[in-house]
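A.B. asks: Shown below is the structure under consideration.
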Amino acid sequence: MARQKTNPSDRRAVRSMHPVFLNCELISPPISFPRNSTITVLELSENLHGFSDAISSAVDPDGVWPAKESAGERIYRCRLENDGDSPIYAIEAAFNVIYKRALKVYTSTGRMMVQSGETTLSHDRKVTIPKVGAHGAFTFYIRNRSMQCVDVQAPESITCEGIKDNERSLVRLKRSSPEGTTWMGFLPVFAPAEAACGIGPGNASADSSKALQSEGNTLKALTNLGSIDRIDKRVAARRAVVEPILKKRGWARNKWGSKAGVGKNCPYEYLDGKRCLSHENRKAMAEVLGLTEDQLPND
């Protein structure tokens with residue numbers, strides 16, 4: 001049986017059941033921030049390593065990031081949540097980043113779409129987070145600054161210090177969905193908002209991209225995108241109601257679910273637009289937020 005390859009920094013890590021969540025969600029820019037804010041951004045480019053900081057200069061005078069003309073760009077917000085009773089330090093994580101050639105495809109009406117072609121580069125993007133406090137969270141954003149389609153696979157585990165004296169710990173991350181690994185897909189910087197790079201490994205080849213030049217396949221792709229738009233609107237409506245309350249109370253999503261007595265995946269899948277709530281769950285989740293059942297969107 002072949003030995004499993006390990007990251008050199010992980011070789012002395014001791015496995016731990018310390019509860020740490022990593023949840024990444026697609027958001028709709030631009031995003032409002034207080035002026036002079038500092039945010040952490042994982043910018044995807046073939047020549048970048050680790051985190052890039054988008055400091056106050058990246059927030060325009062109206063207090064938004066990125067620039068208003070970036071509306072329609074695919075940006076993911078990720079939260080690493082430490083649900084343990086002690087802080088963790090020197091957290092190391094590796095995101096698998098896959099760059100794919102961006103192929104321009106035109107419909108019969110002249111509209112340009114983008115389809116991912118062959119893989120041009122695949123590597124682990126290693127990042128380090130200095131500290132996440134007990135029952136705290138570290139938030140960062142992922143955006144594509146390359147001219148290619150990019151797929152990003154979130155890590156399944158991290159290594160960190162602070163759980164056991166003088167030892168690094170290997171912690172398997174918990175997720176909002178039982179399906180496991182999270183994939184995120186990004187358009188190239190030149191792509192129109194309605195473009196559709198594939199998400200995940202092996203989802204598109206140069207040959208399959210050429211097939212999209214037929215009007216029938218292109219119309220089918222545009223129809224599928226319509227369903228994505230509807231999900232995005234559902235997500236935005238739900239989060240507009242819930243997230244300000246969670247932030248005010250200092251609750252993570254899992255704490256909201258625990259207070260309401262629902263399944264651990266329920267609040268995550270609800271806010272990600274993946275499920276509608278049963279009458280019982282909707283009532284319980286609304287009540288702990290101080291809302292009526294009708295005030296908690298469920299469309």
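The values are calculated or read from the model by the stated rules, or taken from the named source; none is laboratory data. All of these numbers come straight from a predicted model, not from anything done at the bench. Quick reminder, even Gly has a Cβ in these numbers, built from the backbone with ideal geometry, and neighbours come from all protein chains shown.
A.B. asks: Name, by its number, the condition in (1) of a type outside the set (Lys, Arg); (2) under 29 Å from residue 18 (Cβ atoms); (3) exposed (fewer than 15 other Cβ atoms within 10 Å of the Cβ) that does not hold for residue 158.
C.D. replies: (3)
A.B. asks: Can you give me the ranges of the strands (runs of 3 or more DSSP E) entirely in the range 80-172 with at least 3 residues that are touching an Asp or Glu at 6+ places or on another chain (Cβ under 6 Å)?
C.D. replies: Details: elements: 88-106, 112-132, 137-144, 149-153, 157-164, 167-172.
Because the criterion is at least 3 residues that are touching an Asp or Glu at 6+ places or on another chain (Cβ under 6 Å), the strands (runs of 3 or more DSSP E) in the range 80-172 that meet it are 88-106.
A.B. asks: Let me ask something additional. Hey, among 165, 151, which residue is modelled with pLDDT of 90 or more and acidic (Asp, Glu)? Let's see the steps before the verdict.
C.D. replies: On the way: 165 fails: modelled with pLDDT of 90 or more.
Unique residue meeting the criteria: 151.
A.B. asks: Failed condition for residue 146, given (1) under 25 Å from residue 89 (Cβ atoms); (2) modelled with pLDDT of 70 or more, with all others met?
C.D. replies: If we test residue 146 against (1) under 25 Å from residue 89 (Cβ atoms); (2) modelled with pLDDT of 70 or more, just (1) comes out false.
A.B. asks: Within the range 266-287, can you find the residues that are farther than 16 Å from residue 239 by Cα and either charged (D, E, K, R) or surrounded by 14 or more Cβ atoms within 10 Å (Cβ to Cβ) (or both)? Talk me through it step by step, then tell me what you get.
C.D. replies: In the first step, residues of the range 266-287 are kept if they are farther than 16 Å from residue 239 by Cα; the result is 278-281, 283-284, 287.
If the condition is that a residue be farther than 16 Å from residue 239 by Cα and either charged (D, E, K, R) or surrounded by 14 or more Cβ atoms within 10 Å (Cβ to Cβ) (or both), then 280, 281, 283, 284, 287 are the ones that fit.
A.B. asks: While we're looking at this one, here's another question. If residue 113 meets every condition in (1) surrounded by fewer than 20 Cβ atoms within 10 Å (Cβ to Cβ); (2) modelled with pLDDT under 90 apart from one, which number is that one?
C.D. replies: Result: residue 113 passes all but (1).
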